[in-house]
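Peer 1: Structure incoming, see below.
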Amino acid sequence: MTISATSQDSNNTQSPLILVDGSSYLFRAYHVPYLQALSTADGQPTGAITGVLNMFRSLKKDYPNGNIIAIFDAKGKTFRNDMYPEYKANRPPMPDDLRTQIAPIHEIITAMGLPLLVIPGVEADDVIGTLARQADELGIETVISTGDKDMAQLVTQHVRLINTMTDVEMDVAGVSEKFGVRPDQIIDYLALMGDKVDNIPGVVKCGPKTAVKWLAEHGTMQEVIANADKVKGKIGENLRDALEQLPLSYQLATIKCDVELEQTAGELAASEPDVDALAELYQKFELKRLLADLGKGDSGTSTTGAAKKSKKAKATNANDSSNLAGEQVVEIKAVEVEETQYDIILDKALFEQWLKKLQTCEAFAFDTETTSVHYMKAEIVGVSFAIEVGKAAYVPLTHDYVDAPEQLDKDWVLAQLKPLLESKTIKKIGQNLKYDANVLSHYDITLQGIDFDTMIESYCYNSVATRHNMDALALKYLDYQTVHFEDVAGKGAKQLTFNQIEIEKAGHYAAEDADITLRLHHAIFPALEQTASMLSVFNEIEMPLLPVLARMEQTGVLIDSDILAEQSFTLGQRLDELEIEAHNLAGKSFNLASPKQLQQILFEELQIPVIKKTPKGAPSTAEEVLQELALDYPLPKVILENRGLSKLKSTYTDKLPLMVSDKTGRLHTSYHQAVTATGRLSSTDPNLQNIPIRSEQGRKIRQAFIAPKDHKIVAIDYSQIELRIMAHLSNDKGLVTAFSEGKDIHKATAAEIFAVELDEVTTDQRRSAKAINFGLIYGMSAFGLAKQLHIGRQQAQEYQDKYFQRYPGVLTYMEDTRQQASEQGYVETLYGRRLYLPDINAKNGMRKKAAERAAINAPMQGTAADIIKKAMLAVDHWLLEQNDDRIKMTMQVHDELIFEIHQDIVEETTAKLVELMNNAVELSVPLIAESGIGDNWDEAH
DNA sequence: AACAATCCATA
DNA sequence: GTATGGATTGTTT
């Protein structure tokens with residue numbers, strides 16, 4: 001069969017028929033993580049609704065003339081179940097939180113005026129197949145929108161598939177290219193392979209490759225069956241074993257194309273949308289975007305939606321306990337995008353005019369444009385400002401493309417701006433100002449008056465919303481689509497740096513950045529202010545911390561690249577040896593780093609028993625599994641050593657030296673202040689918070705973190721901070737006393753649980769107690785504890801019961817936390833940082849349990865984060881007072897601060913720093929910081 | 001080039 | 001069982 005050249009002879013004047021596989025949309029939308037958190041204020045999940053409707057919308061955009069028909073599966077069994085009772089028997093039941101979204105979707109689609117087909121007794125596929133067949137016969141161009149590959153059998157000269165996610169269309173040639181067989185061979189192909197998910201039997205070990213090979217040879221499954229005795233080897237046996245089953249598989253894989261329908265493909269057509277019904281439904285399910293768009297009117301109708309929206313968008317009080325989902329509604333002040341006036345400043349006169357306004361204003365938003373996203377490499381290209389909403393200016397400085405207009409002198413402009421930027425009284429508003437502060441510091445400007453950072457505002461307001469970049473914020477809080485950096489600079493290898501971008505284009509982008517930042521501040525800050533605790537975390541912790549982090553990043557840390565290079569070499573040698581050994585043991589050469597190849601070798605070729613599976617169902621080759629297998633087999637042991645060493649080499653010894661700045665000869669990480677849900681910092685480029693410590697080899701890497709000449713590395717960490725916080729929060733008498741008396745807490749716990757004297761506690765008992773203590777912090781279950789300690793579930797339960805019996809305050813605290821989380825939808829740290837838990841009342845038990853564990857952990861982890869942040873503020877304050885460049889704070893690793901201190905003053909300075917950290921906050925138990933001093937980070941521990 | 005899956009480093 | 005970032009392989013834009 002060849003692709004017909006006559007496909008043009010179809011009736012082009014008729015609008016194409018678009019058949020939508022609604023059920024495939026539904027499942028896909030349901031599994032999009034970003035959408036899973038969505039729900040209405042009263043807890044009805046809306047993620048799948050939103051996702052499905054978005055997909056319909058994009059379909060409409062792609063096929064403006066399309067005649068869209070929606071087809072969904074009906075409830076209950078189908079004729080395939082009668083044929084084969086095991087059909088789809090492996091499918092888990094539909095989750096409740098998906099089920100409840102189906103009816104709304106149907107209602108909305110109907111209100112949109114689209115024909116909706118839900119036919120019992122058959123699957124959506126069969127309805128689609130029937131319509132596609134009819135359309136094909138009528139010569140109507142048809143597009144089937146689905147994620148299901150099985151539908152490839154329906155493709156003809158007039159019928160194509162489109163994968164909505166990838167927007168890839170597949171015609172006859174496309175099917176052949178993709179699958180290696182023609183559309184009319186797809187059923188044969190599917191039948192031979194079988195389908196695990198749908199529980200369709202096929203030929204064992206026959207995958208796509210084999211099926212294609214056979215069909216290329218014989219054309220159809222019937223012919224393959226007829227020639228079954230000629231196939232050699234194991235796979236030939238498998239084929240012959242499957243002969244009886246294959247006709248059934250063929251039937252099951254065949255989409256039924258003669259379902260009886262009330263209307264034919266030629267008759268079905270959309271009707272006018274019922275705008276009022278839509279507005280009501282969108283409002284009911286709080287679909288803000290859709291409601292807004294309804295007002296804008298693709299159909300040019302009514303403004304009902306928009307009017308309702310402005311009434312509805314009244315700020316929800318953050319204390320409102322009905323708001324359980326963590327989804328917050330903010331009053332949107334600047335919904336209408338008014339006239340904007342963006343100045344591009346190329347002459348002195350206009351610049352001075354702006355300068356005057358800036359000098360006399362209370363606060364302004366500003367943004368720097370640079371050549372790089374890395375603060376150490378970035379050079380300023382221009383700066384932008386906004387004082388009032390809608391009016392912004394961009395001052396280009398160093399655009400240097402061919403024919404770039406003459407620009408104001410960079411040094412002169414920065415000199416003019418310096419007093420302004422360094423003023424503590426004129427407030428600055430920005431988005432991620434730490435970056436701007438770092439860049440400006442390279443121009444001898446110390447940014448001050450950093451009062452409002454919209455990224456931090458958004459983070460304090462809701463830390464669970466993972467993205468706090470400007471584009472996301474503008475969309476969320478202003479319902480405004482910004483110009484993206486990639487829109488002006490391109491992306492990938494061809495991306496331009498900002499200095500290469502035309503001033504006109506760059507100016508609009510940059511000025512908009514400043515303008516939007518200002519608007520965001522006006523949108524988010526008032527909402528943040530409504531909750532005193534959130535405001536205080538913002539004002540007392542996060543904003544003051546920003547310049548402290550900037551200073552630490554600027555300072556960087558010193559590493560000895562030679563030590564690392566040497567270690568890389570040694571590691572490389574050992575890795576080569578291990579590779580040879582592994583290949584010998586396996587009897588063939590393979591990639592040690594590939595879990596997939598390793599699975600094959602271990603579990604298929606060597607027939608080693610499978611102990612655990614990955615979440616996706618493949619046999620796991622994770623460390624704990626190999627650890628266990630290593631007892632009985634040689635290969636896993638080699639793999640384990642290889643894994644450990646290659647991780648060290650690629651992530652640390654090879655990589656770190658490459659990241660040393662040529663400007664300073666030091667390593668400069670980026671601390672992220674708006675990433676974690678719990679309030680911790682995170683670190684990237686490089687991540688200094690996961691430098692190895694546990695293994696002997698790993699500690700060598702810490703030895704490369706050295707002090708400069710005449711200096712020492714001082715590491716000070718909080719001892720048992722999270723358990724101390726648990727003691728404080730729970731106010732459990734026994735726990736508080738144990739800490740107050742300065743006891744070894746794990747030992748004390750062991751004495752209580754195992755009912756022995758303190759000095760009779762064995763190492764084993766202490767280890768168990770330690771696991772229990774850690775487990776408590778993680779919201780552990782008896783099941784988890786059992787796994788950790790390799791003991792039975794019952795015994796783990798006994799330990800846990802005993803613990804709660806001895807420390808009843810902890811039990812009460814855990815129960816209260818869970819209840820509080822469930823009632824208010826969030827938990828708080830000691831200092832008021834709030835963590836929303838959208839899943840806390842989820843119908844899905846797993847997700848609910850996970851949210852409960854997070855609810856237990858967050859106050860402890862988050863309070864620890866608050867405390868060390870406060871300590872950093874205290875330390876930084878003291879350092880500024882000292883104004884002594886022999887002392888530098890260089891790193892933060894969650895419960896540890898690392899310093900570089902001149903040897904002459906190291907003892908007394910360390911004592912002072914420990915004192916500052918100990919007194920960072922007042923708890924009902926002592927807060928203990930422990931210090932270590934050495935020539936490198938390893939020694940300092 | 002971008003993304004998922006898997007594994008592993010830290011607190 | 002909590003919270004992260006990153007390297008690798010393997011698949012698909």
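Peer 1: Evaluate Rg over Rh across the range A:560-659, taking Cα atoms for both radii and Kirkwood's formula for Rh. Working shown, then result.
Peer 2: Values: Rg = 14.9 Å, Rh = 14.4 Å.
We get a ratio of 1.03 for the range A:560-659.
Peer 1: Past 24 Å, Cα to Cα, is the threshold; run A:K733/A:K770; A:K616/A:K649; A:K709/A:K869; A:K77/A:K149; A:K770/A:K869 against it and keep the listed order.
Peer 2: Beyond 24 Å: A:K616/A:K649; A:K709/A:K869; A:K770/A:K869.
Peer 1: Next up: Give the shape of chain A as rounded, prolate or oblate, defined through the alpha-carbon gyration tensor: a ≥ b ≥ c are the square roots of its eigenvalues, a/c under 1.5 means rounded, and otherwise the shape is prolate if a/b is larger than b/c and oblate if not.
Peer 2: oblate
Peer 1: Using the alpha-carbon centroid of each, what span in Å lies between the range A:453-527 and the range A:539-615?
Peer 2: 35 Å
Peer 1: Please list, ordered by chain and number, the residues whose modelled amide H lies under 5 Å from the amide H of A:D343; skip anything fewer than 5 residues away on the same chain.
Peer 2: A:A392, A:A393, A:Y394
Peer 1: Sort the range A:603-646 into rounded, prolate or oblate with this rule: let a ≥ b ≥ c be the square roots of the eigenvalues of the Cα gyration tensor; rounded if a/c is under 1.5, and if a/c is not under 1.5, prolate when a/b is larger than b/c, oblate otherwise.
Peer 2: On the way: a/c = 1.91, a/b = 1.28, b/c = 1.49.
It comes out oblate by the Cα gyration axes.
Peer 1: Moving to a separate point now. Per-residue ellipticity at 222 nm for chain A, helices alone: DSSP H runs ≥ 4 residues times -39500 (n - 2.57), over residue total, nearest 500 deg cm²/dmol?
Peer 2: Working: 39 runs with 441 residues, N = 941.
Computed ellipticity for chain A at 222 nm equals -14500 deg cm²/dmol.
Peer 1: Hey, what did the range A:341-530 get for relative contact order, percent, Cα under 8 Å, at least 6 apart? The partial results should precede the final answer.
Peer 2: Working: 333 pairs, mean separation 54.4, N = 190.
Reported as a whole number, the value is 29 percent.
Peer 1: What are the aspartates and glutamates whose alpha-carbon lies under 19 Å from the alpha-carbon of A:K476, with same-chain residues fewer than 8 places away excluded?
Peer 2: Result set, ordered by chain and number: A:E286, A:D293, A:E327, A:E331, A:E336, A:E338, A:D453, A:E457, A:E512, A:D513, A:D515, A:E529.
Peer 1: Could you tell me the center-to-center distance, by alpha carbons, between the range A:799-865 and the range A:868-924 in angstrom?
Peer 2: 32 Å
Peer 1: Going 7 Å from the Cα of A:D685 in the Cα-to-Cβ direction, what parts of the range A:629-653 have a backbone nitrogen less than 19 Å from that spot?
Peer 2: From the range A:629-653, the list is A:651-652.
Peer 1: Count the net charge of all other residues whose Cβ sits under 11 Å from the Cβ of A:I456, scoring Lys and Arg as +1 and Asp and Glu as -1. Please report the intermediate quantities before stating the final value.
Peer 2: Working: positive: A:K434; negative: A:D451, A:D453, A:E457, A:E542.
Charge balance near A:I456 sits at -3.
Peer 1: Give the span of the range A:470-623's Cα atoms along each principal axis, as three whole-Å numbers ordered largest to smallest.
Peer 2: Projected onto the principal axes, the Cα atoms of the range A:470-623 cover 66, 38, 35 Å.
Peer 1: About the Cα centre of chain A, what is the dipole size in debye to 20, counting +1 per Lys and Arg Cβ and -1 per Asp and Glu Cβ, all else neutral?
Peer 2: Values: 96 positive and 135 negative charges, 334 e Å.
Dipole size: approximately 1600 debye.
Peer 1: Probe radius 1.4 Å, ligands and nucleic acids left out: which of A:E123, A:E581, A:E217 has the largest accessible area, and how do the rest follow?
Peer 2: Putting A:E123, A:E581, A:E217 in descending order of accessible area: A:E217, A:E581, A:E123.
Peer 1: Assuming 0.36 nm per residue, please report the length gained on full extension of the stretch A:I693 to A:K77 beyond their Cα-Cα distance.
Peer 2: Numbers: separation 616, 0.36 × 616 = 221.76 nm, distance 5.70 nm.
Length gained between A:I693 and A:K77: 216.1 nm.
Peer 1: Looking at the range A:783-873, which GluC sites (Glu not before Pro) are in a loop (DSSP not H, G, I, E or B) and have at most 10 other Cβ atoms within 10 Å?
Peer 2: Qualifying residues, ordered by number: none.
Peer 1: Answer rounded, prolate or oblate for the range A:395-529, using the Cα gyration tensor with square roots of eigenvalues a ≥ b ≥ c: rounded when a/c is under 1.5, else prolate when a/b is larger than b/c, else oblate.
Peer 2: oblate
Peer 1: Which one, A:F351, A:F452, A:V389, projects farthest toward the positive side of the charge dipole computed for the range A:341-530 from Cβ point charges (K/R +1, D/E -1)?
Peer 2: Checked the options; the winner is A:F452.
Peer 1: While we're here: For A:F569, what accessible surface area do you get with a 1.4 Å probe? Give it in Å², rounded to 10.
Peer 2: My reading of the accessible area for A:F569 is about 140 Å².
Peer 1: Compute the relative contact order of the range A:425-563 as a whole-number percentage, counting only Cα pairs closer than 8 Å that sit 6 or more residues apart in sequence.
Peer 2: About 31 percent, as a whole number.
Peer 1: What fraction of the Cα pairs in the range A:733-806, stated in percent, has a spacing above 20 angstrom?
Peer 2: Working: 616 of 2701 pairs.
When every Cα pair of the range A:733-806 is considered, 23 percent fall beyond 20 Å.
Peer 1: Let me ask something else. What length, rounded to one decimal in nm, is gained on full extension from A:Y443 through to A:S589, with 0.36 nm per residue of separation minus their alpha-carbon distance?
Peer 2: So the chain would gain 47.1 nm between A:Y443 and A:S589.
Peer 1: Can you list the HN-Hα couplings for the range A:240-246, worked out from phi with the Karplus curve (6.51, -1.76, 1.60; θ = phi - 60°), rounded to whole Hz and with x for Gly and Pro?
Peer 2: Couplings: 5, 4, 8, 3, 5, 6, 4 Hz.
Peer 1: Still on this structure, I have one more. For the range A:500-630, give the magnitude of the charge dipole about the Cα centre (Cβ charges: +1 Lys/Arg, -1 Asp/Glu; no others), in debye to the nearest 20.
Peer 2: 540 debye
Peer 1: Name the residues whose placed amide hydrogens come within less than 5 Å of the amide hydrogen of A:E369, ignoring near sequence neighbours (fewer than 5 apart) on the same chain.
Peer 2: It is A:V381, A:G382, A:V383, A:S384, by chain and number.
Peer 1: Could you name the aspartates and glutamates in cross-link range of A:K888, using Cα to Cα under 13 Å and dropping any fewer than eight places away on the same chain?
Peer 2: A:E553, A:D876, A:E900
Peer 1: At a 1.4 Å probe radius, which order do A:T863, A:T762 fall into by accessible area, largest first?
Peer 2: Heavy-atom accessible area, descending, gives A:T762, A:T863.
Peer 1: Here's another thing I want to ask about it. Using only the Cα atoms of the range A:588-741, construct the convex hull and provide its projected area averaged over every direction, in square nanometres to one decimal.
Peer 2: 15.6 nm²
Peer 1: Also, I was wondering about something else. Given H placed on each backbone N at 1.01 Å, which residues far from A:V143 in sequence or on other chains put an amide H within less than 5 Å of it?
Peer 2: Here A:L17, A:I18, A:L19, A:R160 satisfy the definition.
Peer 1: Could you grab the relative contact order for chain A? Cα pairs under 8 Å, six or more apart, rounded to a whole percent. Walk me through the numbers on the way to the answer.
Peer 2: Numbers: 1549 pairs, mean separation 90.2, N = 941.
Across chain A, relative contact order equals 10 percent.
Peer 1: Which ³J(HN,Hα) values in Hz, rounded to whole numbers, follow from the phi angles of the range A:443-456 under the Karplus curve 6.51 cos²θ - 1.76 cosθ + 1.60, where θ = phi - 60° and Gly and Pro get x?
Peer 2: For the range A:443-456, the Karplus curve yields 10, 6, 10, 9, 5, 9, x, 7, 9, 9, 10, 5, 5, 6 Hz.
Peer 1: If you don't mind, another one. Just to confirm the filter: which GluC sites (Glu not before Pro) across the range A:748-778 are DSSP coil and have at most 14 other Cβ within 10 angstrom of their Cβ?
Peer 2: Counting only loop positions with at most 14 other Cβ atoms within 10 Å, the GluC sites (Glu not before Pro) in the range A:748-778 are A:E757.
Peer 1: Sticking with this structure for a sec: With a 1.4 Å probe and all protein chains kept in place, how do A:D654, A:D866, A:D125 rank by accessible area, largest first?
Peer 2: Order by accessible area, largest first: A:D654, A:D125, A:D866.
Peer 1: Then there's this: Rounded to whole Hz and in sequence order, give me ³J(HN,Hα) for the range A:825-832 from the Karplus expression 6.51 cos²θ - 1.76 cosθ + 1.60, θ = phi - 60°, writing x for Gly and Pro.
Peer 2: 3J(HN,Hα) across the range A:825-832, in whole Hz: x, 8, 10, 10, 7, 4, 9, x.
The values are calculated or read from the model by the stated rules, or taken from the named source; none is laboratory data. On a predicted model such as this, the values are computed, not experimentally measured, just so you know. No Cβ is skipped: glycine too gets one built from the backbone with ideal geometry, and neighbour counts run over all protein chains shown. Accessible surface is based on the protein model in full, side chains and every heavy atom, while ligands, DNA and RNA are left aside. Shrake-Rupley method; radii C 1.70, N 1.55, O 1.52, S 1.80 Å.
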